[in-house]
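The values are calculated or read from the model by the stated rules, or taken from the named source; none is laboratory data. Note that the structure is a prediction, hence the values are computed from the model and not measured. All Cβ positions, glycine included, derive from the backbone under ideal geometry; neighbour counts span all protein chains shown.
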Amino acid sequence: MDAVYRALVDIVGSDYVSVQPEDLFTYSKDLGTSEPGKPDYVAAPKTTGAVSRILKLANEHKTPVIPLGGGMSLAGLALPLKGGIILDLKRMDRILELNEKGRYVVVEAGASHGKLTSYLHKHAPRLMHSEPGAPPAATIGGNLAIHGQGDLAHPYGFNSDMIAGMEVVLPTGEICRIGSCAMGEKWYTLHPLPDLSLFLGWNGSTGIITKVSLKLYPCKKIREMDIFCVEDENLVPEILYELTHAGMAGDLVAMSSKLPPYSDRLHMISIALSEDSRQEMEFKRQILFDTHLAKYIREGTGGISMAGRDVERPMVSKASDWKKGGGFEYVGAILPVTDYPECYRRGAAISAAHDIPYTVLGRVIGAGHAMMFSWSYAFNRADEQSIAQARKALHETDDLVMELGGTIWKPAVYGQKLLLEKMDANTLQMMKKVKTMLDPNAIMNPGHWEVD
Amino acid sequence: MHTLHFDENKCLACEARDCLTRCRYMNMDAQGAAAELKKLIAGEDSPVLHDCITCYACEEYCPMGNHPFYLIVSRQEALGISPLPSPLVRQGIQMGIPFRGEPEIEKVDGLALNMGVFSGLSHLISGKLFENVTPISTDSRKMFHYFCQLMYLHYGKVSVINERLEGVMEAISAHDADAVVHFHDECYGTYTSYAPAFGMAVPFKSIHLFEFLHDRLTELAGEIHPLGFRVAYQRPCSSRLSPDKHVFVDKIFDMVGVEHVERQYKNEEALCCGSTIMPQKRPDSRRFCLDIQRENIEDMKRAGAELCIFNCPACMQTLWKQITEYGIMPIWMSDLCRMAIGEKPA
Amino acid sequence: MRISDYQYADIIHRCFRCGYCKFPADWSDVTNCPAYARHRMESWSSGGRLWLIRAWVTGEIEWSPYLAEIVYACTACRNCVEKCPLPIADNIVNMVVAARSEMVERGLLPPAVRDVLTRVQQRGNPFGLPAKKRGEWAEDLRVEKFSGQDYLLYIGADGSYDSRAQQAATALVRLLEKAGVSFGILGKNEADDGNDVAFMGEEGLADYLMEQTIARFRELGVKQVITLSPHALYAFTAQYPRLGGDFQAYHYTQVLSGQLRTGALPTPQSGGLRVTYHDPCFLGRWSNEYKAPRKVLGAIGGLQLAEMERNRKSSLCCGGGSGNCYTDLLGGSEESPARIRIRQAAETGAGILATACPNCLVLLEDAVRAEGLDDKLDVRDICEVFCQASGIPL
């Protein structure tokens, strides 16, 4: 056995290091359409100290390190493009501190969103965090490393806007804290110190997030979802403008999909509502439906398609079975809300051209400051042609996003390239400086966000 | 092309005009009703076409055995007057499109029990009461082949029903059952009221679920333990299409030993669950819906009901939560019967 | 090498590997898959395993001892089936068992698995002990041989041979006697029920064992069977009918709860025992019986039942299912499922961890010692707890 393997065993114990072909195979695959990328080692550390030692080791050997959370990005963001050590961080999953009245929770970055939701439900039922639509195995750290959004996106923005502190391990192995936690053990704020959050959205290419303080928000007793439906996509932005003006909703998502047939060419705007009493809930509905949306109902251009549905955990994985094939991938993009009509029309056209039933979804971020769009393409994992077709549709959609002036969200390598090509030269250079300064040996998730 | 068989002469000769004067959602005297009926018959616009909340009750109120509600809906469609916003109409129409292949038709020996578009509730039809019937349409992927389509009466769209119904009847009749028990009132009403009214031949015999349950309970009489609850019944709109079967509600209640509480909104005076009113275009429709729902449930509560009995899944879906919050337990009619013979509710 | 006739070749690619399968019902952690909890590497999760099986079937990877170990480390606990949101859910365990069958056919088994199957084949039990000694546990008990009583009490290999499980079998005999149940045993004429052998993919041997038992039952006119082990219960109710088995089978907790209802079995007093209950997978998730064992425990006056957070459908498997009790592929670590389960049980503050399966009993008792908690937590079968409370000497 080689020196890296022996050293890894020494750091994390033999049970949690592998060079077995089966493990290398498993970790070489992503859930989406990306080509496999094989690691040389898999290691699953339990502590920040172990992560630090592994990064020092990797620098000595100039071996790439690819941090992995839940592995749910679908875009191949944690696939080794140049071999190296996959760090499966899911053993770092403790919930370290809950400050209920201070409304934050400190967790290890490998904790899953499902675990945190369940923990809060039991220990602080009046609090919630913003859980992404991904399967519950998605990790807190992984989601921050790709600038995820969740079910509190409309009121509070990106999930990465909702942190109150971080512990990171720099590529060279130093353990750093960012925010108030850098001065002691209080993890209540990220600001107002000079901004050092250079780890969000970098896919782990500037360091590894190991602990996070997440802001928590009021969780009301009654949580329901109403759906407002329109036929004309051009109405969606103005309806969202009305809804965000009212400021009553939790999550706001507009969606259209070819299947099931009832949603075809229709736009379902789901409005999450939460309150502590029926009276408050009805008050909100009066403001939303009887005031802001009354015009559309009266004209007959919009209607309440569903009222008072219980909010259930989204089962996004079901999309993988649309082609009975175990796979789907989507292009995500951040665009202004006003681009919804174009995003819908053009996205549906790309799907039609590739014989894939279209699904276009837009989630409002902030008070309508932006929208996270996704265009999903299901494929059959057992059929190479189907995978290739989905991949082509994904690339065309990446191109479309760029054409519309959008910003691809958690881009795969193809999308990263498009963004970097279009990026202002000085900004590019700044990215390069940050990367070179933090990661002098370029060992962190190489192939991602690489500026030539 | 199927058209409504509506006897205008009977209607013009009618002095009661109960269809409109008894409507609890429109305020109309006999004179006004006569004028509006004339307009409806002549195919002219009338406030009735805009104010109708589509509760089906006039079909029951009509003393002449005519079809005032079918006439209203036909006229709404002809004049382009939709009770619902257009996206919801499209959504509704698209909902009934089967998209997951053809159903496998197996021949049924004896009685079939048609789940229609409620395959997801197949768990309700288990136990002794149902052991001598063969369920059909239990696969939710294929259930739209069995969808009776009558829902489109709420959408001002008889054309959609007429276009699709024969195909649906073909699917049911292909099972070759001796007769078909319909899980939902709406299916029963389709095949015994709507289809004949539009001159469509129905190639199978239909049995109302309540009549079936009543007969089964009679056979299992020795196993019944009176339940002793005080119950209210949420009568669905489609029950207005088979008023002759409504008697089985009280017959069943008597057999299982529950008291059907006296209340204002009982039997012919029943209130709509509101599911169809909520999204209508009329100003303040949503609040009006909430008002009648509250009135309905408070009426149950005042009457001392402990349980509210449902047969229609739409009523159940719409009201269960509110009813529960009032401390009344919602329960399916089939489950009530099962409890009476010592089985656990589904 | 491509496996051309793998039974689930048309659906195995439909696993998305989304990881729902790792969670209990309340989503409290990714550790409710016993093999994944033990190893914490994706290959050992349900999804990872399916992807590897598919890769083996399609020829993308070669068979290796490590692959075989991953495939056999699944305990068939059915947590994944409960949680998977896709239509393939019901077939997840079947897909694993079918892969094992392919390995059996090719002689590509982990040595521990091969040894267990060989012992069952040669001696009729996974311990490799002489068949004629199968009835010895009951010799001092003077329990009747089956000769047309109401019930046949089927003990199974564990209760017959394992010294710890024999204690549970003894307690059960005493309780049934006290409850006035008319029953008899087969003693040395009892054969293996074939459940674990079937889950280990040795279909031919499983069918042979099952047919043998069916023939014996038929010959003796057995109409109703009480089982000590939920594994036997599952085999009798779910697998035997396919081969012509036409008798009713009950787990003993079901029979005892019936006897308690009628008053045939008197309810004892416990003097304030605090007990937690571990749902065995083959009684709970496979046979959907969560109430009967709780009713039996609940009938003990003064007994406090302190549930673990993961109970009923969310119970964490002890790690012993589908032969793992004998092969111990998930043993040897602090994160072995039985040890995790012991820690969960200890969190309840209970003094007794009760279960209703000899596999669970044996594995959990080993684990309580490994955790150093044997002075705080007694691992008992429910029938032992009931006997103790009833003052029945064992």
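For region B:52-81, which positions are surrounded by fewer than 19 Cβ atoms within 10 Å (Cβ to Cβ) and under 20 Å from the mean Cα position of the chain (by Cα)?
Just the residues of region B:52-81 that are surrounded by fewer than 19 Cβ atoms within 10 Å (Cβ to Cβ), to begin with: B:63-65, B:77-81.
Selection gives B:Pro63, B:Gly65.
Yes or no: region A:263-284 includes at least one residue that is more than 30 Å from C:Ala25 (Cα to Cα), modelled with pLDDT under 95 and among the hydrophobic types (A, V, I, L, M, F, W, C).
Checked against the condition, which is being more than 30 Å from C:Ala25 (Cα to Cα), modelled with pLDDT under 95 and among the hydrophobic types (A, V, I, L, M, F, W, C), region A:263-284 yields no hits at all.
Kindly provide the set of residues from region A:325-337 that are crowded, with 17+ Cβ neighbours inside 10 Å and either of a type outside the set (D, E, K, R) or more than 20 Å from A:Ile350 (Cα to Cα) (or both), ordered by number. Before you say what the answer is, go through the steps one by one.
Initial filter on region A:325-337 (crowded, with 17+ Cβ neighbours inside 10 Å): A:325-335, A:337.
Hits for region A:325-337 are A:Gly325, A:Gly326, A:Gly327, A:Phe328, A:Tyr330, A:Val331, A:Gly332, A:Ala333, A:Ile334, A:Leu335, A:Val337.
I need every pair where a residue in region C:206-221 that is hydroxyl-bearing (Ser, Thr, Tyr) has its Cβ under 8 Å from the Cβ of a residue that is buried (at least 16 other Cβ atoms within 10 Å of the Cβ) and part of a helix (DSSP H, G or I), sequence separation at least 6 or different chains.
Sorted first by the residue in region C:206-221, then by its partner, the pairs are C:Thr213/C:Tyr240.
Which one of these is of a type outside the set (Lys, Arg), surrounded by fewer than 18 Cβ atoms within 10 Å (Cβ to Cβ) and out of contact with any strand residue (DSSP E or B) (no Cβ under 7 Å at 6 or more places or on another chain): B:Met151, B:Met200, B:Met169?
On the way: B:Met151 fails: surrounded by fewer than 18 Cβ atoms within 10 Å (Cβ to Cβ); B:Met169 fails: surrounded by fewer than 18 Cβ atoms within 10 Å (Cβ to Cβ).
B:Met200 is the lone residue from the list that is of a type outside the set (Lys, Arg), surrounded by fewer than 18 Cβ atoms within 10 Å (Cβ to Cβ) and out of contact with any strand residue (DSSP E or B) (no Cβ under 7 Å at 6 or more places or on another chain).
Please specify each residue of region B:282-318 satisfying the condition of being closer than 19 Å to A:Arg309 by Cα, part of a helix (DSSP H, G or I) and away from chain A (no Cβ under 13 Å).
B:Pro313, B:Cys315, B:Met316
Could you list, in sequence order, the residues of region C:58-81 that are in a helix (DSSP H, G or I) and either facing another protein chain (nearest Cβ under 8 Å) or within 17 Å of C:Arg17 (Cβ to Cβ) (or both)?
First, the residues of region C:58-81 that are in a helix (DSSP H, G or I): C:58, C:65-72, C:79-81.
Of everything in region C:58-81, those that are in a helix (DSSP H, G or I) and either facing another protein chain (nearest Cβ under 8 Å) or within 17 Å of C:Arg17 (Cβ to Cβ) (or both) turn out to be C:Thr58, C:Tyr66, C:Leu67, C:Ile70, C:Val71, C:Asn79, C:Cys80, C:Val81.
Could you please find all residues in region C:1-37 being free of Cβ contacts under 8 Å to residues at least 24 places away in the same chain and at the interface with chain A (Cβ under 7 Å from one of its Cβ atoms)? Steps first, please.
Residues of region C:1-37 free of Cβ contacts under 8 Å to residues at least 24 places away in the same chain: C:4-5, C:10, C:27, C:29-30, C:36.
Of everything in region C:1-37, those that are free of Cβ contacts under 8 Å to residues at least 24 places away in the same chain and at the interface with chain A (Cβ under 7 Å from one of its Cβ atoms) turn out to be C:Trp27, C:Asp29, C:Val30.
Could you check region C:305-333 and list, in sequence order, the residues that are among the hydrophobic types (A, V, I, L, M, F, W, C) and within 16 Å of the chain's Cα centre (by Cα)? Write out each step before concluding.
From region C:305-333, those among the hydrophobic types (A, V, I, L, M, F, W, C) are C:305-306, C:308, C:316-318, C:325, C:329-330; that's our starting set.
Result: C:Leu316, C:Cys317, C:Cys318, C:Cys325, C:Leu329, C:Leu330.
Would you point out which residue out of C:Asp115, C:Asp90 is surrounded by fewer than 23 Cβ atoms within 10 Å (Cβ to Cβ), away from every other protein chain (no Cβ under 12 Å) and over 30 Å from A:Ser14 (Cβ atoms)?
Exactly one residue qualifies, and that residue is C:Asp90.
Among the helices (runs of 4 or more DSSP H) confined wholly to region A:1-99, which include 2 or more residues that are out of contact with any Cys (no Cβ under 8 Å at 6 or more places or on another chain) and more than 27 Å from A:Phe328 (Cα to Cα)?
Because the criterion is at least 2 residues that are out of contact with any Cys (no Cβ under 8 Å at 6 or more places or on another chain) and more than 27 Å from A:Phe328 (Cα to Cα), the helices (runs of 4 or more DSSP H) in region A:1-99 that meet it are A:3-12, A:48-61.
If I go through region B:204-248 residue by residue, how many of them are touching a residue at least 40 places away in the same chain (Cβ under 8 Å) and either more than 21 Å from B:Cys187 (Cα to Cα) or part of a helix (DSSP H, G or I) (or both)?
Here the count works out to 25.
So in region B:85-103, with the set limited to residues that are of a type in the set (Gly, Ala, Ser) and assigned to a loop (DSSP other than H, G, I, E, B), which one is surrounded by the fewest Cβ atoms within 10 Å (Cβ to Cβ)? Step through it out loud before you land on a result.
So in region B:85-103, the residues of a type in the set (Gly, Ala, Ser) come out as B:86, B:92, B:96, B:101.
So of that shortlist, the ones also assigned to a loop (DSSP other than H, G, I, E, B) come out as B:96, B:101.
Details: B:Gly96: 20, B:Gly101: 10.
Checking each candidate, the answer is B:Gly101.
Return the only residue of C:Leu373, C:Leu377 being at pLDDT 95 or above, surrounded by fewer than 19 Cβ atoms within 10 Å (Cβ to Cβ) and outside the structural domain of C:Arg40 (by TED's automatic domain parsing). Steps first, please.
On the way: C:Leu377 fails: surrounded by fewer than 19 Cβ atoms within 10 Å (Cβ to Cβ).
Answer to the check: C:Leu373.
Mind listing whichever residues of region C:309-336 are in contact with a His (Cβ under 9 Å, 6 or more places away or on another chain) and under 22 Å from C:Gln254 (Cβ atoms)?
The answer is C:Asn311, C:Ser315, C:Cys318, C:Gly321.
Search region A:20-40 for residues being more than 10 Å from chain C (Cβ to nearest Cβ) and touching a helix residue (DSSP H, G or I) at 6+ places or on another chain (Cβ under 6 Å), and hand back the single one that is farthest from A:Lys82 (Cα to Cα).
Restricting to residues being more than 10 Å from chain C (Cβ to nearest Cβ) and touching a helix residue (DSSP H, G or I) at 6+ places or on another chain (Cβ under 6 Å), the top hit is A:Thr33.
Mind listing whichever residues of region A:162-177 are of a type in the set (Lys, Arg) and either within 22 Å of the chain's Cα centre (by Cα) or on the phi > 0 side of the Ramachandran plot (or both)? Can you show your working first?
Going residue by residue through region A:162-177, those that are of a type in the set (Lys, Arg) are A:177.
If the condition is that a residue be of a type in the set (Lys, Arg) and either within 22 Å of the chain's Cα centre (by Cα) or on the phi > 0 side of the Ramachandran plot (or both), then no residue fits.
With respect to A:Thr301, determine if the residue is crowded, with 16+ Cβ neighbours inside 10 Å, more than 30 Å from C:Asp10 (Cα to Cα) and in contact with a helix residue (DSSP H, G or I) (Cβ under 8 Å, 6 or more places away or on another chain).
Criteria met by A:Thr301.
Would you point out which residue out of A:Ser256, A:Ser270, A:Ser263 is in contact with a Phe, Trp or Tyr (Cβ under 9 Å, 6 or more places away or on another chain), within 13 Å of chain B (Cβ to nearest Cβ) and of a type outside the set (Asp, Glu)? First the steps, then the outcome.
On the way: A:Ser270 fails: within 13 Å of chain B (Cβ to nearest Cβ); A:Ser263 fails: in contact with a Phe, Trp or Tyr (Cβ under 9 Å, 6 or more places away or on another chain).
One residue alone meets the criteria, A:Ser256.
Considering region A:363-396 alone, what residues qualify as being part of a loop (DSSP other than H, G, I, E, B), within 23 Å of A:Ser317 (Cβ to Cβ) and in contact with a helix residue (DSSP H, G or I) (Cβ under 7 Å, 6 or more places away or on another chain)? Steps first, please.
Here is the first cut: in region A:363-396, the ones part of a loop (DSSP other than H, G, I, E, B) are A:366-369, A:381-383.
Now narrow it down to the ones that are within 23 Å of A:Ser317 (Cβ to Cβ): A:381-383.
The answer is A:Arg381, A:Ala382.
Sort out which residues of region A:1-19 are within 14 Å of chain C (Cβ to nearest Cβ) and among the small types (Gly, Ala, Ser), and write them in order of number.
A:Gly13, A:Ser14, A:Ser18
Checking A:Lys417 against (1) at pLDDT 95 or above; (2) buried (at least 16 other Cβ atoms within 10 Å of the Cβ); (3) under 20 Å from the mean Cα position of the chain (by Cα), which single condition isn't satisfied?
A:Lys417 satisfies every listed condition except (2).
Counting residues that are away from chain C (no Cβ under 13 Å) and within 10 Å of the chain's Cα centre (by Cα), which helices (runs of 4 or more DSSP H) fully inside region A:111-161 reach at least 2? Break it down stepwise before answering.
Numbers: elements: A:113-123, A:140-145, A:153-156.
Here the list reads A:140-145.
Take the residues of region A:322-342 that are touching a strand residue (DSSP E or B) at 6+ places or on another chain (Cβ under 8 Å) and acidic (Asp, Glu): which is farthest from A:Ser118 (Cα to Cα)? Give the steps one after another, and end with the answer.
Restricting attention to region A:322-342, the residues satisfying the condition of being touching a strand residue (DSSP E or B) at 6+ places or on another chain (Cβ under 8 Å) are A:322-337, A:339-340.
Then keep just the ones that are acidic (Asp, Glu); that gives A:329, A:339.
Details: A:Glu329: 27, A:Asp339: 36 Å.
Per the criteria, the residue is A:Asp339.
I'm checking my understanding of the structure. Among residues of region A:401-414 that are in contact (Cβ under 8 Å) with a residue 60 or more places away in the chain and in contact with a Gly (Cβ under 9 Å, 6 or more places away or on another chain), which one is surrounded by the most Cβ atoms within 10 Å (Cβ to Cβ)?
Filtering region A:401-414 for residues in contact (Cβ under 8 Å) with a residue 60 or more places away in the chain gives A:401, A:404-413.
Right, trim to in contact with a Gly (Cβ under 9 Å, 6 or more places away or on another chain) and you get A:401, A:408-413.
Values: A:Val401: 28, A:Ile408: 23, A:Trp409: 23, A:Lys410: 21, A:Pro411: 24, A:Ala412: 25, A:Val413: 18.
Step by step, filter region A:401-414, then rank; the result is A:Val401.
Among the residues of region A:106-130, which ones are surrounded by fewer than 24 Cβ atoms within 10 Å (Cβ to Cβ) and either free of Cβ contacts under 8 Å to residues at least 40 places away in the same chain or among the aromatic types (Phe, Trp, Tyr) (or both)?
A:Thr117, A:Ser118, A:Tyr119, A:His121, A:Lys122, A:His123
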